[in-house]
Amino acid sequence: MSAGGMTLLVVDDDPGLLKALQRALTLHGFTVDTAMTGQGAIDYLSIEHPDAIILDVSIPDPDGLEICRRLRISGDTTPVLMLTARDAISDRVEGLDAGADDYLVKPFALEELLARVRALLRRIAPLDPEVLRYADLECNTATRKVTRASDSIVLTRTEFRLLELLMQHAERVLSRETISNEVWEYDFGPASNSLDVYISYLRHKTELNGKPRLIQTVRGVGYVLRNEEEPSHNRSQSL
């Protein structure tokens, strides 16, 4: 999954490790905030809401286990990946019982940390109403970030609104009139090619490097976001 728009809080009292993790995670597209103490993490979480937390067990004042317990008691479900230098089964059980979603023993490979963070974020992604997905196309309506197969796509404001509308009604045929009214709040009429021009722009940007077409023309009606490579047996009628 794409890391764009995702914020991580990393809490560890080892300044060298903290700096290394911040640098590595930033390079992989995350926004990374840090804290070195339990109180620092508590202060941060009182005003900010990261997408996931990487939390060392042995931080001071209070420790990671206590922070995790407090989060869960308060009803906070933010995914937590617990870090520890202790690899005994009892230590892992303690961390999971405190409410951690996953547990990683130091020292660890960066690739494994990244894989575990991505797995945690995938669990919450379907619950995020701000992210629209269809096939390998992803649109974040909050950050206005659009990707296809992890490749970033830069859209103008009108192009974004047009794609957003098509994704909100994926596999439903939208009439030209409906699209014009929703995107421009004005029906250009049958003689105008303004909509066709913007559809052409979107197709060019979403089909770069040989990607298959997703924006299909329904002649005499309008357009639909549909993956023609996969049969659809229950398609909705045009609006």
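Bear in mind that the values in this text are calculations on the coordinates, not laboratory data. Predicted, not measured: the structure shown is a model, and the values here were computed from it. Neighbour counts run over all protein chains shown; Cβ positions are idealised from the backbone, glycine included.
Overview of values
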| item | result |
| --- | --- |
| Virtual spin-label span in nm between D76 and A20, 7 Å along Cα→Cβ | 2.7 |
| Leading residue at positive end of dipole, the chain (Cβ point charges), from A98, L9, I59 | L9 |
| Cα-based Kirkwood hydrodynamic radius, the chain, one decimal, Å | 20.4 |
| Within region 59-135, trypsin sites (Lys or Arg not before Pro) in DSSP loop having at most 16 other beta-carbon neighbours inside 10 Å | R86 |
| Percent breakdown of C-alpha pair distances by 5 Å bin, ordered from the shortest bin, for region 1-90 | 3, 14, 26, 26, 18, 11, 3, 0 |
| Order by protection proxy (mean Cβ within 10 Å, highest first), peptides 103-112, 54-63 | 54-63, 103-112 |
| Hull volume in cubic angstrom per residue (convex hull over the Cα atoms of region 131-225) | 90 |
| If the convex hull is drawn through the Cα atoms of region 104-175, its volume per residue in Å³ | 109 |
| Kirkwood-based shape ratio for region 50-111, expressed as Rg/Rh from alpha carbons | 0.95 |
| Cα-centred dipole magnitude for the chain, charges only on beta-carbon of K, R (+1) and D, E (-1), debye, nearest 20 | 960 |
| Per-pair calculated FRET efficiency, R0 = 22 Å: A191 and L165 via Cβ, rounded to 0.05 | 0.50 |
